[in-house]
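Okay, structure first, notes after.
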């Protein structure tokens, strides 16, 4: 009998299409390995749509092949769809039956695939780093299961020649690993070792090469002696110093002109973290996550390790991360805690180009530890806060982007959402997958403008997105909104303007795919309202693109307009004059002695009938109360005084203070007045701070319950930067008693999540 004829009759050939995050994650190597194990003929390649496989064997073997791929998919992989197309089997010679290859990636065509985020080294790579050999302490170790992706990919499909590793030719040993079907570096595109890959060197403050035997040993020695080093990592530069050295931390603050804003630290091990911070199960999970974010932890009262008080002054929290790049495992001692803060100047974008680091960090860094691999795309560290063992994103960036967020209710229309001017991220969609940009920061400088524009263009090219509409915030002077208008004219596509707080609530609706009307509770610092005032303490009914403001907190003036956000004493002074009139208590007469020169001019204006911009902002209310309690009068960083107010609560329970609610306005003026009277009569700041948090939480619950019953609502969404306050959120979740309470999880509740909400509204318009 002709066996070839029998094979032709019994074998099938399938064209198999995998979409999702299937490039740069070791997917092709897995497919090839399984094909060899099962004796399957065919090939696999990356293309613009994901991964394409042609496989020939009997039907049962092919089905087992597909099942095994889905069951054993790499840890960084996310398959969103598997499509199978029957093909005509081909005649195979006996020696071809089990031949399976990774074929070259065809170029051109539409890109319909995604890429994974930059991740920490896997356990196997970390073990290999400890062994003697060509990757001992090698700071660029990686495999198909770990390493950088987003920061080094130039274009798709994902192959070495389209990454920043194209400059490095693999040595014979690395190439052998690269073609080894059974190895974990089979077609690992960034594969390299000390013999052929990127390398580090140490430069002095003038950019001159330091002649040292081992640049890592020398860098550790310098940091131990109090030096500040600019370290080039995966997505940009960090400034590094010893977190236990007061003088080093003070010097870093002075040079960087970062007076009070907390500095993040990197600890060499979890044991060290547990010495100086409270680490719960949820915190541990967040710290050990593949993304390796900065995790906000409560400081321990007592610690054997003396972290400098200048790391996070007047703050009960400290931002901590574990090593997340091979260089950190090489450089940071296991018993050390180092400041690891972004290298950019305050208000500027992440520094990631060598020439910018050497010029802009001149006078800040004493030395530079730099490598010769290009960072193609900058990416800042992500930040997480854990409340009730549940992680809440404060900043979504490295380790998370550009992995898409699935939103079932979106249409196939591609929309570009511009985000906000504060804590900016943008978003665009390919069908139901939302691609959020990395954290850009505040759009207040030319460098952040440039990064914003470049990153939007990169996303459009990388993921082959052609926006059909642009959605932006209604604020008339936002750079993000104005740039959206420029793009709409350039591309000849329509624009959609959406209200700020509606977008916040819509971001929660998008996460949970809430199709029915919800009550939205949005508390933040600044948002342009429909009545030309500044909103920020809003209760809204939201349904798709529709919303109605149904209640809000009391209005208060913003003396000096936008200055009041930076100088909370201005609104605090209004509260004093509004309550006490001309007879200010002695405590507050002393308080005025710490106000800036010229405060008397504003004081006279407050006692006149001069019209002022009004606000319902809860963020501003937090600031004013903090100022009234002597916690500061001027912000040197965002939410500084609100953070100090939360920190002051400590373990105090507080008491319920007075407030009024008439069905439309939640009047917290009585609350503020009781706090002022308590302060005048010597009540502790801790007790008063705790009472404010408790009162606000209970007031939210009462107003929320009333509105839910009145409008027949079961689902409640909370969002806005105020809900980053751990104490308030904890109290609210414990005291909530009506319907389902939804909180942002996949994106920050601050303006970093705003673009997702904008996108959601645009698709429901």
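Values computed for the structure shown
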{"item": "Semi-axis lengths, Å, region 332-400, gyration tensor of Cα atoms, sqrt of 5 times eigenvalues", "result": "27, 16, 13"}
{"item": "Histogram of C-alpha separations across the chain, 10 Å bin width, %", "result": "3, 13, 21, 24, 19, 11, 5, 2, 1, 0, 0, 0"}
{"item": "Residue 577-residue 99 pseudo-label distance in nm [points 7 Å out on the Cα-to-Cβ vector]", "result": "8.8 nm"}
{"item": "Spin-label proximity, residue 548 to region 658-694 - amide N less than 16 Å from point 7 Å beyond Cα toward beta carbon", "result": "663-665"}
{"item": "For region 38-148, diffusion coefficient by Stokes-Einstein and Kirkwood Rh (Cα), 10 °C, 1.306 mPa s, µm²/s", "result": "94 µm²/s"}
{"item": "Peptides 487-499, 452-464 ordered by average Cβ neighbours within 10 Å, highest first", "result": "452-464, 487-499"}
{"item": "Taking the chain and dividing mean pair separation by its residue count, relative contact order in percent (alpha carbons under 8 Å, at least six apart)", "result": "11 percent"}
{"item": "Overall form of region 416-513 per C-alpha gyration tensor (a/c, 1.5; a/b vs b/c)", "result": "rounded"}
{"item": "Antiparallel DSSP beta bridges within region 553-743, as percent of all bridges there, nearest 5", "result": "45 percent"}
{"item": "Relative contact order (%) - region 404-557, alpha-carbon pairs under 8 angstrom, separation at least six", "result": "17 percent"}
{"item": "Burial ranking of peptide ranges 203-213, 674-684 (average Cβ count within 10 Å, highest at the top)", "result": "674-684, 203-213"}
{"item": "Simple spin-label estimate for residue 91 and residue 304 in nanometres, 7 Å along Cα-Cβ", "result": "7.7 nm"}
{"item": "Computed E for residue 204/residue 123 - FRET, C-beta separation, R0 41 angstrom, nearest 0.05", "result": "0.65"}
{"item": "Förster radius 22 Å - calculated FRET efficiency between residue 182 and residue 75 (Cβ-Cβ, nearest 0.05)", "result": "0.75"}
{"item": "Where only alpha carbons of region 200-384 are counted, the Rg and the Dmax (Å)", "result": "15.5, 46"}
{"item": "Spin-label model distance (nm) - residue 84 vs residue 284, 7 Å beyond Cα toward Cβ", "result": "4.2 nm"}
{"item": "Estimated FRET transfer efficiency when R0 is 51 angstrom, pair residue 653-residue 485 (beta carbons, to 0.05)", "result": "0.55"}
{"item": "Gained length - residue 733 relative to residue 566, 0.36 nm times residue gap less alpha-carbon distance", "result": "57.1 nm"}
{"item": "Region 277-340 shape via C-alpha gyration tensor axes, a/c threshold 1.5", "result": "oblate"}
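Only the coordinates and a few stated rules stand behind these numbers; no lab work does. Every value quoted in this text rests on a predicted model; they were computed, and no experiment measured them. Glycine also receives a Cβ, built like all others from the backbone with ideal geometry; neighbour counts cover every protein chain displayed.
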